[in-house]
Amino acid sequence: MAARTPLGPTGTILVSVPAVQTYSPAMLLTLVVHELAHKISIAGAYPTDHRALDIAGAAVATYAKQELGIAGFLDLSFSGTGFVLFPSTLGGHARAMALQSDGKLVVAGRLGGEYGLIRVTPEGTLDTGFGANGSVVTNLPASGLSIHRLALLEDGRILAAGTGHNGQTYAMTAVRYLPDGSVDQSCGGSCISTYSYVNKGASAHGIAPQSDGKFLVAGYGYGPNGTSYGLLTRYLANGSLDTSFTQDGVINQNFDGYPTGFQSIRVQPDGKILVNGWVQPPSGDSQLLVVRFLPSGERDTTWNGTGYRVIPEASGVYAGSLLLEADGKLVSTLSPRRQGRTVLGLARLNGDGTFDTSFGQGGVAVVSSIDGNSTTSDVVREPSGKYLLVGSTANGAGAFTLGIARLGADGTPDTQFNEGGALGTGTALDAYPLLDNSTARALLLPEGKLAISATVRNGSETRFALFRFWL
């Protein structure tokens, strides 16, 4: 095959068509395709008119769909490309996202090895009124630290939970920020709370405020024998442990005798606490775990008879997300194996902890139309009742790209989304591979679009990235 050459001096080709007003949209696009194919062939990018026509057709079709706002395509009105890579000399790892009432997005994770946050305007620019020109770095002891989850309070303050340090070891660490990005100092000092089970290391992956000002933090830590335990802590508004919660403010448990970790938290209207996470049997994949606790911290044994459910369907659930629906049902992400590879998936449980058999197959729905191993890291539900699954998929070259799918309310793939129900590899997003396979986060925007935060590689750099899709 002939070597590909640059398409024009700036990497672009200008296409002109006759200025006739009677062309239908379909006829106009056909003219553009043929003109573009001709210029591609002349430029030497592809050796045959046939191949050039294929490339031109795909390019024009994609651009037209993006411009027309077809579900599953990047929204080109967002910074002109549908995504923004945020420059940082510190190197960025985005792992959490939250939407403010004014439409601004807070994206958080790691900046320079520390807790880091940025705030982004609806237009995709850094909000210079937040921290230092739009970004915040919180210096904690040690390095290699990261925020994993965010929650917003009604007064605009920001709760962040992740892997911090207590001066001796890595610890579950919660920090409360003021709306301007500074650390809240109303806790008799900085509002920074840490916990590490028997001081052998811990990490937080979920945070949830309660209506009484208290807040919950979920994660995992290592016990005396090196086995991981699921950890759930509750703090008072002043950042101290709530001793009315299991007497010392801490739950540490493993299930079925296996290493355990907690991930996401949802608080029911009656104050009961739902947590998902994982258990790791001696062999095979990790399995999805869902637990319900009473407001006092005891396990609620009226739920599924034991207060918990282990779902062997799941694998790779270390970044699992959880939805609590208005009817009391619970939806959790999972990544089950199908035909030798992991796929995007959801499990839906009834309010009593049993599988909702009206959803998918026996309560589990999967998307297997994306090639490569996929991991589900987040889920949101649209007002229509449809579910949007967001995660990653391996692109066959040792890298990951975004994997996105939409399911109907009954768990069947929505084939109107991206003309097939899912978006995976083979798109423009391949040029920006994800750093890892488990930390893409998703939010529905007020205008009905989908925002996704992730960490991408851009050459030798890692960058915070924000994508916006049509729905």
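Values as computed for the structure displayed
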| read-out | value |
| --- | --- |
| Flag if Ser244 is farther than 24 Å from Leu274 by Cβ, of a type in the set (S, T, N, Q) and modelled with pLDDT of 95 or more | no |
| Cβ-Cβ under 6 Å pairs, at least 6 apart or on other chains, segment 393-417 side part of a loop (DSSP other than H, G, I, E, B), far side polar (S, T, N, Q) and modelled with pLDDT under 90 | Asn395/Thr401; Asn395/Thr425 |
| Segment 355-409, residues that are β-branched (Val, Ile, Thr) and either within 23 Å of Met97 (Cβ to Cβ) or within 13 Å of the chain's Cα centre (by Cα) (or both) | Val367, Ile370, Thr375, Thr376, Val379, Val380, Val390, Thr393, Thr401, Ile404 |
| Residue check for Gly448: in a loop (DSSP other than H, G, I, E, B) and at pLDDT below 75 | no |
| Number of the condition not met by Pro269 [criteria: (1) under 15 Å from Ala208 (Cβ atoms); (2) in contact (Cβ under 8 Å) with a residue 12 or more places away in the chain] | (2) |
| Matching residues in segment 317-375 - criterion: being in contact with a strand residue (DSSP E or B) (Cβ under 8 Å, 6 or more places away or on another chain), of a type in the set (Gly, Ala, Ser), under 29 Å from Asp300 (Cβ atoms) and surrounded by fewer than 18 Cβ atoms within 10 Å (Cβ to Cβ) | Gly351, Gly362 |
| Any hit, segment 172-195, residues being surrounded by fewer than 22 Cβ atoms within 10 Å (Cβ to Cβ), among the β-branched types (Val, Ile, Thr) and in contact with a helix residue (DSSP H, G or I) (Cβ under 9 Å, 6 or more places away or on another chain) | no |
| Whichever residue in segment 220-260 is assigned to a loop (DSSP other than H, G, I, E, B) and closer than 19 Å to Leu289 by Cβ and, among such residues, is nearest to the chain's Cα centre (by Cα) | Pro259 |
| Selection within segment 97-136 - within 17 Å of the chain's Cα centre (by Cα) and among the β-branched types (Val, Ile, Thr) | Val106, Val107, Ile118, Val120 |
| Qualifying residues in segment 352-389 (those that are in a loop (DSSP other than H, G, I, E, B) and touching a Lys or Arg at 6+ places or on another chain (Cβ under 6 Å)) - the one farthest from Asn304 (Cα to Cα) | Asn373 |
| Given (1) part of a loop (DSSP other than H, G, I, E, B); (2) closer than 30 Å to Asp184 by Cα, index of the condition Thr301 fails | (2) |
| In segment 322-351, the residues that are over 18 Å from the mean Cα position of the chain (by Cα) and assigned to a loop (DSSP other than H, G, I, E, B) | Glu325, Ala326, Asp327, Gly328, Lys329, Gln339, Gly340, Asn350, Gly351 |
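The values are calculated or read from the model by the stated rules, or taken from the named source; none is laboratory data. Only a predicted model underlies this, so the values are computations on that prediction, with no experimental measurement involved. Reconstructed Cβ throughout: ideal geometry from the backbone, glycine too, with neighbour counts over all protein chains shown.
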